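One structure below.
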Amino acid sequence: MEQQLQQLKDEALGKIQDAQSVKELNDVRVAYLGKKGPITDLLKGMGKLPAEERPKMGALVNVVRETVTASLEERMALLEAEAINTQLAKEAIDVTLPGRPVQAGNHHPLTRVVEEIEDFFISMGYEIAEGPEVEKDYYNFEALNLPKGHPARDMQDSFYISDDILLRTHTSPVQARTMEAKGGEAIKIICPGKVYRRDNDDATHSHQFTQIEGLVVGEDIRMSDLKGTLDLFAKKMFGAEREIRLRPSFFPFTEPSVEMDISCFKCGGKGCNVCKKTGWIEILGAGMVHPNVLEMAGYDPSAVTGFAFGMGPERIAMLKYGIEDIRHFYTNDSRFISQFHRTEA
């Protein structure tokens, strides 16, 4: 039996060394040390031996089992280490390779123009004021000197939700709400935001667009203050060589009212397709705040005055970047947006 044990040990140790994977080694372990393995069978058969031989043979069987177990553990550690090294070699990362570039997005051209306008007016001491897009008829029209039935309402076809609630047609309601909240204090604000009008979408019209309006109210505010502000704005947005002109116009909430034109930045005032051969491009509307508007907001028109202006960032962006169709701003076409690369000063 000793010879059988020695032969069994040599056979098991040989197969352990021949195993080339963890799976093969586990198969060897089950074959020799498993419940049905030969070493286990020898231990079960100890009871058939004479009593005087059992201790000696039991000790020999245990030595063989421990030797085989130790060899299995040693070989298992080696194979597992080799497997890890092989996997690491396959998954190795060459840190000298250049990284994959992350494609950065661009600011939307409309966002860029809005931020540029905001930055300019903030630098002049203006604050940004915001208000609801779903607005009351009172703030959208009546508080701005447009009572019910006023013919000027027809210029702003509106999306009404009820008789007294609508989607705002301009950001002027923010001015009315701010004046009401200030209770007679001086004001210097701009009001950017989306507005809505029931219009047919085409290259120059949209049912939704952006507007930025400005309001200054205080003592001794004059038309010359308005003109100086707009002149600085035009030079900031379109170049230091730009000139402006103010033409008489009509808005129910300002008196007097003007339209502001800038000298054409393409032809320098000589006449081209951009300015329609006039040398001038219309940019925005403005005027001195109507006394009725001041009075309805709780101000004394005899003590304070103010000026207001309003512009469409889409129009300014179209002029600055040569965009021919306003619908490009809203189609989310990455090919369009990717043309405008933001450069920081």
Farthest toward positive dipole pole in the chain [+1 Lys/Arg, -1 Asp/Glu at C-beta], among Thr278, Ser71, Phe250: Ser71
CD proxy at 222 nm, helix term only [per DSSP H run n ≥ 4: -39500 (n - 2.57); per residue of the chain; nearest 500]: -12500 deg cm²/dmol
Extension gain, Thr86 back to Asp201 (0.36 nm per residue minus Cα-Cα distance, nm): 35.0 nm
Max mean-square fluctuation residue, GNM over the chain, Cα-Cα springs under 10 Å, options Val30, Val258, Val293: Val30
Long-range Cα-Cα pairs in the range 164-240 (distance over 21 Å), rounded percent: 47
Highest to lowest packing among 81-88, 185-192, scored as the average C-beta count within 10 Å: 185-192, 81-88
Charge dipole magnitude, Cβ of K and R +1, D and E -1 - the chain, Cα centre, debye nearest 20: 920
Cα gyration tensor shape of the chain, rounded if a/c is under 1.5, else prolate or oblate by comparing a/b with b/c: prolate
Unpaired by the 4.7 Å Cβ criterion, cysteines found in the chain: Cys191
Dipole moment magnitude, nearest 20 debye, the range 47-191 about Cα centre, only Lys, Arg, Asp, Glu C-beta charged: 680
Fraction in percent of alpha-carbon pairs per bin - 10 Å, the range 204-265: 17, 44, 35, 5
Members of Lys15/Lys35; Lys9/Lys35; Lys15/Lys36; Lys182/Lys235; Lys276/Lys320 lying beyond 21 Å, as alpha-carbon distances in this model show: Lys182/Lys235
Solvent-accessible area per residue, Å², over the range 72-154 with all protein chains present [probe radius 1.4 Å]: 67
Where the range 185-234 is the region considered: accessible area per residue in Å², 1.4 Å probe: 46
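The values are calculated or read from the model by the stated rules, or taken from the named source; none is laboratory data. Source: prediction; values computed, not measured. Here Cβ is always computed from backbone atoms with ideal geometry, including for glycine, and neighbour counts include all displayed protein chains. Just so you know, the surface numbers come from the protein's heavy atoms only, side chains and all, with ligands and any DNA or RNA stripped out. Shrake-Rupley method; radii C 1.70, N 1.55, O 1.52, S 1.80 Å.
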